[in-house]
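The values are calculated or read from the model by the stated rules, or taken from the named source; none is laboratory data. Model, not experiment: these values are computed from the prediction. Every residue, glycine as well, gets a Cβ built from its backbone with ideal geometry; the counts of neighbours run over all protein chains shown. All accessible areas refer to the heavy atoms of the entire protein, side chains included, with ligands and DNA or RNA removed. Shrake-Rupley method; radii C 1.70, N 1.55, O 1.52, S 1.80 Å.
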Amino acid sequence: MTSAAFIVLLAATLTGYWLNRRAAREIRARGERLHSLTTYHGLFAALSVLVPVLVVILAWLLLQGPVIDRIVLSGLPDEAIANLDVNERSLILSEIKSIASGRVFGTPEEWKLAAADRLNDLRNLSGWLMVAVSALLSAVILFVTRRRVSAGFRARDAVERIVSGLMIFCSLVAIFTTIGIVLALVFETSKFLSMVPLTEFLFGLNWEPQIPIREGQIAAEGAFGWVPVLVGTLVITVVALTFAVPVGLFTAIYLNEFASPRLRAVAKPVLEILAGVPTVVYGFFAILVVAPAIRSFGASLGIPVSPNTALAAGGVMGVMLIPFISSFADDALSAVPRALRDGALALGATRAETMLNVLFPAAIPGIVGGVLLAVSRAIGETMIVVMAAGLIAKLTINPLDSVTTITVQIVTLLIGDTSFDNPKTLAAFALGMMLFIVTLLINVLALRIVRKYREIYD
Amino acid sequence: MVDMAAMGTTMKDMHQTDRNPTMTEPKISAKNVNVFYGETHAIKDVTVDIADKTVTAFIGPSGCGKSTFLRCLNRMNDTIDIARVQGTILLDGQDIYDPRIDPVQLRAQVGMVFQKPNPFPKSIYDNVAYGPRIHGMAANKAELDDIVESSLRRAALWNEVKDRLDAPGTGLSGGQQQRLCIARAIATSPEVLLMDEPCSALDPIATAQVEELIDELRANYSVVIVTHSMQQAARVSQKTAFFHLGQLVEFGDTGEIFTNPRDPRTESYITGRIG
Amino acid sequence: MTDLSAPSPNAPRRERGTAEIVAASLPRRRRKQRLLQAAGIAAIGTAFLVLFILIASLVSTGWQAFRQTHVTLQVYVDPAEIRAERLPRGGFDDVLTAALAELLPGVDLKDRKTRKKVEGILSNGAQFTLRDMVVADPGLIGQTVSLTVPVSDPYDQLAKGLIDRQTPEINRRLKDDEIAMFDQLVAAGVVSRPFNWGLFTNADSRFPELAGLKGALMGSFWALLTCFVIAFPLGIGAAIYLEEFAPRNRFSDFIEVNINNLAAVPSVVFGLLALAVFIGWFGLPRSAPFVGGMTLALMTMPTIIIATRAALKAVPPSIREAALGIGASRQQVVFHHVLPLAMPGILTGTIIGLAQALGETAPLLLIGMNAFITSAPASPFDSATALPTQIFIWADSPERGFVSRTSAAILVLLGFLVVMNAIAIYLRQRFERKW
């Protein structure tokens, strides 16, 4: 039915365009002078139909699922669902849905089969209603807009107003997205905090989210103190930056001051390739090459190295950050006015002295901003650590040990589990909330530093 | 703005005091210098001798190559990738483009002051101390203090900044910044001081101070100044070179050039018909 | 002013001239400079080296997966085992085993252990290939057909030399007698190693020799298509508004800050958004490329907006003034003149954004695009994996054969990225205008 609705929409849009343009042409043929071109009259009708009907269809598609679910649930016999909590109800609902789509396992109760039939009927009805409503709405709009065609009608102004509105809507999507992120995180996190006290989450030293999901299952009670996860994240971030900052900075310094144009022409694309490699590839690289190499190196020295050492994950993450830091540092160094460089050289400073004593100090604010953005990236980076870091939250700062990170926990807690009502899944959202807050603060700070720095020299 | 008569008399005085060009060896001697920026032929076959303890002015319309030529004298053109320099330039008889010469050493001997004041974003003290520090000219802090003080004194800035040597150099006024840059340049005791339109970013009062300073620096240094202001050239220099379209058109005593130019192009420029 | 006629009392008296002092300091300073340069070269060298190792390790493990060991059998479709009326059921595996045993003199199929070993040579998928053939043409029953089917993963590894025959038998995946059987097949000339089309035409499978990327490629295609359809118009609309029409006030500043921050939000957070809002609240299907595409669109939009604004900014104001001067409205100016001129830049930015989206993994994991799905999606609403999530799944699989498949999949992904970026660079160079 969805495609039928879209066909109605398309047909109505084209009809509106054609009808109004023809009407406008007829007026012009009578010798009257039109305010707007005939095309604009057509566009006016087309847009007037397209926008509201599309909104109706999309809203219908989004809302029909939940509404139908509710109707079906409320139609269930009272004795069947009287004493059930939300969790069990949604289980029943999904069973009914799978019956409705033809997958019957075992012999379900009679009322479930009835409910499945009702579900199918409702879906059918909803589909037809959607088509009917959009057809009716289209017709009304077509009629109204057709009546507005006249020589004096400012169709172009009207079209431009609609287009302006659409463009403003496009710009608002960014805000909607942010609001969506914040709402989703706040909502799920508050559910989490109703089960786990905030102080335990923020200051607890144990992270053992594997809690019993079924009744009677033997598992740990579950502990949700994020400190070890945070420490693990920081360990890996520090490892990554210890590698990436010097390499990135020296790369930028060399490319900016010493490199021949030929080397620059080769090095820049190489760095861009490093920056463009998807992180899942780096993750595989870490488990395929780096981790075994570190382990055998450790073994040759007689040091015990865990298989998912923080060093491997952090080191590979460092590789990912090299181009990031070097390009920021390169920009910052290039932004230092040439006059300062000339001033130092004219005093007889060597190029190294010019770089280290004048250019680099002058560029430090910009470089610090870039490094901060790299920190935020390292904290939020997911695939490398999911593949190469550990799962167990261990409170340690030893980079040869296995640690876990915020993003690893988010992914492992959510893979293969969708119910939003136990602390295990909700904990992922709480971690996501912390991740969002931390990276947002760092980003805002970094962008502010970088902008301030640009203002100094612009 | 300029009193021509008064200028004439000062110039005459200078002639009497210290003009004997034929007797002394030139400090800098340039022969058949050509400069190319990529495809552009910026300097065409320039030959000129620059005397010691003299102020030499390069004048000419903008784009005539006077700054480019100045930058050849301490190899600042090396820092521009596409620039090529041909010909010979001798400093005390030594070819400065000799591959064995390190531009670093050369630039310590041939200091430079730029068009726009460019103090480092460091303290006043550190700005002046920078050259002596990197070249290892001071054995200890006291010596360095001495160098900084005497350089600031010679740049006529000491009295204004002696109480705030730790303040950032970028916080000074434009004229003070330019004198700071001069102090920075003379702190390494160069033998030649190149000045690329040092007053173009300054107000008239600051300009007067810097010009006075240039006249005093003449006692110890060979000063080469690029200027687009003929009045300034007339006020501060003893020798003047007129550049036009990359060529050195005329070179001689400042008084001669301004009162009795030999080349018609020089005359047109001085009388304001080109430039 | 200072008195210059007499040397200032503060001036240091130097026995040596500037030139000498500087010359004395030069060796030390040159050493320092060389040190800095060496550090720089070492840093760049590190970057080069890592990239080289990365590519080399992927190619060296991955190239093998582009070939697949097959064995060609003359299969007698025994009517005793396969009867037309029972199709599609039948003893297809027994028929194949018998055909294989023909080539292995001295093998006793009655011995159950031996029989199992013989069965193990062929891929599990071989019987289905035969079944599909017979179902399509039941007339084959009672005839002998020539069939080329993949061998199972351990033998594939053996044929590619990835199993070392020198390893003590106990540590080897294939025992001596199994290797002997395979050598017999090789000697019989029935083993071949053609290009592995299955890598592109098969969907995922539990068996490495059968696993292919078709499902992942289709999933990525649908997701990118959705992403493009949503993000391209929205991004351009937003960019035009912000660049050409928005009044400079707090509100548009707020939008700008928002866009810049969105560009830096970790990708996994977008996954959380999609999971909670698209799947949790709106009830959209899990694992669907459509949902993945919507998520990727939200992440790609800032990139497109920023690129579009840069492209619009690069169009000189004189063009706008010229069009305004002949009485065009501001929107006409933008849509008739500015936007077409900015299009190459916009497309370049969009392609680069889509290339980033193609490699994005974390948000797709959270919305379940890492499911094990053995058929390619026919529409964006079917469950599917995507190229990067498929890499993640294979990288996690314990079978040896998946290591080279993973590398091969990565090479395919990198190939797509190279092509997309090459198109972007071509567009930029072909249509770049200097104003």
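Solvent-accessible surface (1.4 Å probe) assigned to B:Arg84 amounts to roughly 120 Å². Taking amide H as placed 1.01 Å from N in the peptide plane, the amide H of B:Gly87 sits under 5 Å from that of B:Asn34, each at least 5 places away or on another chain. Result for chain C in a Gaussian network model with C-alpha springs under 10 Å: among C:Leu35, C:Leu262, C:Leu275, the largest mean-square fluctuation is at C:Leu35.
Here's how it looks for B:Ala42: its modeled amide H is under 5 Å from those of B:Val35, B:Phe36, B:Tyr37, which are all 5 or more places away or on a different chain.
For C:Ser123, the residues 5 or more places off, or on other chains, whose built amide H falls under 5 Å of its own are C:Val151, C:Ser152.
Model label sites at C:Thr114 and C:Glu432, defined 7 Å from Cα along the beta-carbon direction, differ in position by 7.1 nm. Whole-Hz Karplus values for region B:250-267 come out as 8, 9, x, 4, 4, x, 4, 4, 7, 9, 9, x, 8, 8, x, 5, 4, 4 Hz, taken residue by residue from phi with 6.51 cos²θ - 1.76 cosθ + 1.60 and θ = phi - 60°; glycine and proline positions read x.
Rounded to the nearest 500, the 222 nm mean residue ellipticity of chain C from helices alone is -19000 deg cm²/dmol, with -39,500 (n - 2.57) taken per DSSP H run of at least 4 residues.
Approximating the spin labels as points 7 Å out from Cα along Cα→Cβ, the B:Asp52-to-C:Ser252 distance works out to 6.6 nm. Couplings for region B:222-235, taken from phi via the Karplus curve 6.51 cos²θ - 1.76 cosθ + 1.60 with θ = phi - 60°, read 8, 10, 10, 10, 9, 8, 9, 9, 5, 4, 5, 4, 5, 6 Hz in order; Gly and Pro are left as x. Say R0 is 30 Å: what FRET efficiency, to the nearest 0.05, do A:Ala11 and C:Glu85 get from their beta-carbon distance? According to the calculation, E is roughly 0.05. Normalised by the number of residues in region C:277-398, the mean separation of alpha-carbon contacts (under 8 Å, six or more apart) gives a relative contact order of 37 percent.
With a cut-off of 19 Å on the backbone N, the residues of region B:67-109 near the modelled label site 7 Å out from B:Lys44 along Cα-Cβ are B:67-70, B:84-88. For region C:270-347 versus region C:181-197, the inter-centroid distance based on Cα atoms is 54 Å.
Highest GNM mean-square fluctuation among B:Thr259, B:Thr88, B:Thr170, for chain B modelled with Cα contacts below 10 Å: B:Thr259. Considering only A:Thr107, A:Ala5, A:Leu142, and ranking their Cα positions along the charge dipole of region A:2-182 that arises from unit charges at the beta-carbon of Lys, Arg, Asp and Glu, the one farthest toward the positive end is A:Leu142. Working from label points 7 Å from Cα in the Cα-to-Cβ sense, the A:Arg264 to C:Leu225 distance is 4.4 nm. Listed by chain and number, the lysines whose alpha-carbon sits under 17 Å from that of C:Lys117, ignoring those within fewer than 8 places in the same chain, are C:Lys175. Please state the shape class of region C:67-195: rounded when a/c is under 1.5, otherwise prolate if a/b exceeds b/c and oblate if not, all from the C-alpha gyration tensor. Here region C:67-195 falls in the prolate category. Per-residue Karplus couplings for region C:166-172, computed as 6.51 cos²θ - 1.76 cosθ + 1.60 with θ equal to phi - 60°, are listed in order as 7, 4, x, 3, 5, 9, 9 Hz, Gly and Pro entered as x. Classify chain C as rounded, prolate or oblate from the Cα gyration tensor: take a ≥ b ≥ c as the square roots of its eigenvalues, call it rounded if a/c is under 1.5, otherwise prolate when a/b beats b/c and oblate if not. Verdict is oblate for chain C. With chain C treated as a Gaussian network of Cα nodes joined by springs under 10 Å, which of C:Arg31, C:Arg173, C:Arg89 yields the largest mean-square fluctuation? It is C:Arg31.
Compute the label zone of A:Ala293 within region C:402-419: residues whose backbone N is under 20 Å from the point 7 Å along Cα-to-Cβ. Once the point is set 7 Å along Cα→Cβ of A:Ala293, C:403-404, C:406-408, C:410-411 turn out to lie under 20 Å by backbone N, inside region C:402-419. Using Cβ point charges alone (K and R +1, D and E -1), the dipole size of chain A about the Cα centre works out to roughly 2400 debye. Of the accessible area of chain B, computed with a 1.4 Å probe over protein heavy atoms only, carbon and sulfur atoms account for 50 percent. The trypsin sites (Lys or Arg not before Pro) of region B:100-198 that meet both conditions, a loop assignment by DSSP and at most 13 other Cβ atoms within 10 Å of the site Cβ, are B:Arg100, B:Lys162, B:Arg164. At a Förster distance of 45 Å, what's the computed FRET efficiency of A:Ile175 paired with C:Met343, Cβ-Cβ distance as r, to 0.05? Calculated transfer efficiency: 0.95. The alpha carbon centroids of region A:105-161 and region A:305-379 are separated by 57 Å. Maximal additional length on extending the B:Gln247-B:Asp263 stretch stands at 4.5 nm, based on 0.36 nm per residue less the C-alpha distance. When all protein chains stay in place and ligands, DNA and RNA are ignored, the 1.4 Å accessible-area order of C:Trp281, C:Trp63, largest first, is C:Trp63, C:Trp281. Any of B:Lys53/B:Lys162; A:Lys268/B:Lys66; B:Lys141/B:Lys162 with alpha carbons more than 25 Å apart? Name them for me. Over 25 Å apart, Cα to Cα: B:Lys53/B:Lys162; A:Lys268/B:Lys66. How high is the relative contact order of region B:4-270, in percent, with contacts defined as C-alpha pairs under 8 Å that are six or more residues apart? Relative contact order of region B:4-270: 27 percent. The alpha-carbon of C:Lys116 sits under 12 angstrom from the alpha-carbons of these aspartates and glutamates, leaving out residues fewer than 8 places away in its chain: C:Asp93, C:Asp94, C:Asp108, C:Glu178.
Pairs of Cα atoms nearer than 8 Å and 6+ residues apart set the relative contact order; for region A:2-182 it is 40 percent. Classify region B:140-197 as rounded, prolate or oblate, taking a ≥ b ≥ c as the square roots of the eigenvalues of its Cα gyration tensor: rounded when a/c is under 1.5, otherwise prolate if a/b is larger than b/c and oblate if not. It is oblate, given that a/c is not under 1.5 and a/b is not larger than b/c.
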